[in-house]
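Visitor: Please read through the structure below; I'll follow up with questions.
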Amino acid sequence: MSYPMILLDGRPVTLRDAERRRGGQAEVRSVAEDPGIVVKLYDDLQKHALEQEQRVRVMRNLQPLGGRLIRPGQPPELAWPVGIATDLDGTFIGYSMRKFGKPDHTQMVALLEPAGRRRLFADRMTWGSLLTIASSAAGVVEQLHEEGILVGDLSSRNIVVSVAEGYLTFLDCDSFAFTDPRSGTYYPSRWHTDDYAAPERTRGDGLEATVASDDFALAVLIYQLLTGGDHPFAGQPQGQENWTPGDNIKDGNSHVVHPDRFVVPGAATKPDDLVLPADRMDPAVLPKRALLFARQAFGPGLQDPARRPTARQWRAALEEAQDYIKVCTSDPDHEYAEHLAGCPWCGPVIESKPVAPPTVISPATPARPVVRAEPEVLAPAAAPWVPADSVPQPAPAYQPPVTPAPMPQQPAAYGATPPPAPYGSTPPPVPYGSTPPPVPYGSTPPPPPYGSTPPPAPYGGTPPRRAASPTSTTTIIWIIVVLAFLIGLAIWLAPLH
Ligand SMILES: [Zn+2]
């Protein structure tokens with residue numbers, strides 16, 4: 001399909017070079033008149049033309065992540081539609097968005113291989129940087145979920161990273177699932193990438209995206225970043241060339257959870273023996289809480305969506321881990337989690353105080369080869385990765401109306417905290433029978449209403465004690481003196497009888 005000239009919001013523009021996107025079903029073209037934007041054109045809309053046009057037009061009026069902190073110079077975290085593209089007859093054909101392409105941006109997938117990291121980032125992408133990027137990705141997903149939006153097709157190809165600072169931006173936002181706050185129409189997400197798809201999405205006809213399916217894809221992505229590129233479902237039956245991590249997801253075979261089901265390269269004895277990738281990193285390289293979450297997501301959470309750690313839990317765990325990073329004594333570009341006894345990029349992964357279940361595949365597992373060492377990765381120096389709370393808060397541009405969650409929500413996981421109240425909202429009324437919130441230290445309690453009686457002492461509690469006044473103390477002393485005098489008098493008089 002060729003459109004040398006189209007209309008963008010009614011304004012004629014000229015299109016230039018093309019880049020195929022998402023299975024070849026759309027193409028992205030640059031715009032001669034505005035190098036800062038690109039246009040995404042759908043190949044064949046026929047059946048879904050109206051729905052897709054409505055979806056993009058609604059999206060254009062929304063501003064998700066409006067309240068999220070953006071650092072100075074940081075590109076938007078979503079490649080959101082900014083204009084409607086039509087042909088010269090006015091027929092909808094796609095939309096425009098800000099450009100997030102080469103050479104300023106690269107797909108996140110390039111961070112998942114040492115060669116890509118070295119080529120794009122030289123020595124600036126350390127393990128700590130990957131941890132920061134993982135945390136940012138979790139933060140974006142967390143915020144989208146709080147706004148009732150699903151990513152749907154979350155993968156390392158649908159996120160780009162800025163080469164200069166390591167900031168990330170989610171692409172293909174037209175596959176997000178959301179509800180139009182005005183009409184109440186729900187726009188589902190039917191797209192997924194097999195290697196990131198929770199099993200329920202690839203079974204049978206496949207389910208639409210849910211919060212829990214996003215959480216699964218996020219867990220895979222985070223695991224990849226924290227191991228320098230390992231897929232948690234990597235490994236293939238001996239002799240099978242076209243086996244993918246997606247196949248292992250369907251079979252429930254994760255080497256992170258079931259190392260006993262895998263053999264190291266060269267050790268396979270049967271044709272269907274699952275063989276690990278030769279350069280697999282020990283999962284114990286993950287910070288402890290992250291490893292627990294990974295095992296939960298890829299173990300019990302694989303078939304039970306409610307048991308997957310949420311984006312919020314991931315973000316909190318990864319933020320915490322950022323405070324516990326060690327630097328290698330041999331190479332200052334090597335960083336690793338504090339629980340490890342030594343640098344995992346220079347030698348084997350050994351925990352300083354192992355408390356987690358053993359993660360080694362077998363005693364025959366070779367130590368990580370030094371060639372794959374992560375040295376090629378970026379220092380946080382170039383990135384203004386300042387703590388979010390030290391950045392001025394931009395005014396929320398648009399507060400999407402709070403709509404009832406339209407998509408299947410997973411129940412809150414054990415230990416999860418409720419989301420914070422939206423900006424500008426009022427606290428909910430105290431439910432009947434609940435206890436009032438504690439009075440802040442230093443504040444004075446409000447006076448009881450006229451005619452009210454003081455509340456009864458709580459069961460088992462002691463009533464408040466009144467401080468003795470000087471007057472009552474004096475009276476008590478006098479009574480004691482008089483009593484003592486009378487007793488003494490009685491004792492003195494007793495022998496006289
Ligand atoms: Zn090292």
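The values are calculated or read from the model by the stated rules, or taken from the named source; none is laboratory data. Here the structure is a predicted model, which means the values were calculated and not measured. When we count neighbours, we look across all protein chains shown, and the Cβ atoms used for this are built from the backbone with ideal geometry, even at glycine.
Visitor: Being near the ligand (Cβ under 6 Å from one of its atoms) and more than 19 Å from residue 279 (Cα to Cα) is the filter here; which residues of the range 328-348 pass it? Steps first, please.
Guide: Here is the first cut: in the range 328-348, the ones near the ligand (Cβ under 6 Å from one of its atoms) are 328, 330-331, 334, 343, 345-346.
The answer is 328, 330, 331.
Visitor: So, restricting to strands (runs of 3 or more DSSP E) that lie completely within the range 29-130, which ones have at least 2 residues that are farther than 26 Å from residue 141 by Cβ and in contact (Cβ under 8 Å) with a residue 24 or more places away in the chain? Lay out the reasoning, then the answer.
Guide: Numbers: elements: 34-42, 83-86, 92-98, 105-107.
Filter on the range 29-130 gives 34-42, 83-86, 92-98.
Visitor: Please state which one of 284, 290 is under 16 Å from the mean Cα position of the chain (by Cα) and assigned to a helix (DSSP H, G or I).
Guide: On the way: 284 fails: under 16 Å from the mean Cα position of the chain (by Cα).
After applying the criteria, what remains is 290.
Visitor: Then there's this: Looking at residue 182, is it over 30 Å from residue 84 (Cβ atoms) and either basic (Lys, Arg) or modelled with pLDDT under 95 (or both)?
Guide: The answer is no for residue 182.
Visitor: Moving on to the next point. Restricting attention to the range 155-190, report how many residues are under 16 Å from residue 52 (Cβ atoms) and either in the same structural domain as residue 72 (by TED's automatic domain parsing) or not polar (S, T, N, Q) (or both).
Guide: Residues that pass the stated criteria total 11.
Visitor: Turning to a different aspect of this structure: From the list 113, 146, 165, pick out the single residue that is of a type outside the set (Phe, Trp, Tyr), surrounded by fewer than 22 Cβ atoms within 10 Å (Cβ to Cβ) and in contact with a Gly (Cβ under 6 Å, 6 or more places away or on another chain).
Guide: Working: 146 fails: in contact with a Gly (Cβ under 6 Å, 6 or more places away or on another chain); 165 fails: in contact with a Gly (Cβ under 6 Å, 6 or more places away or on another chain).
After applying the criteria, what remains is 113.
Visitor: Select from the range 308-327 the residues that are over 14 Å from residue 133 (Cα atoms), part of a loop (DSSP other than H, G, I, E, B) and over 10 Å from the mean Cα position of the chain (by Cα) and write down the one among them that is nearest to the ligand (Cβ to nearest atom).
Guide: The residue in question is 324.
Visitor: To continue, here is another question. Scan the range 40-78 residue by residue and report those that are in contact with a helix residue (DSSP H, G or I) (Cβ under 7 Å, 6 or more places away or on another chain), over 14 Å from residue 149 (Cβ atoms) and at pLDDT 95 or above.
Guide: Matches in the range 40-78: 56 only.
Visitor: Among 311, 290, 341, which is the only one that is at pLDDT 95 or above, farther than 24 Å from residue 117 by Cβ and either surrounded by 22 or more Cβ atoms within 10 Å (Cβ to Cβ) or hydrophobic (A, V, I, L, M, F, W, C) (or both)? Lay out the reasoning, then the answer.
Guide: Values: 290 fails: farther than 24 Å from residue 117 by Cβ; 341 fails: at pLDDT 95 or above.
After applying the criteria, what remains is 311.
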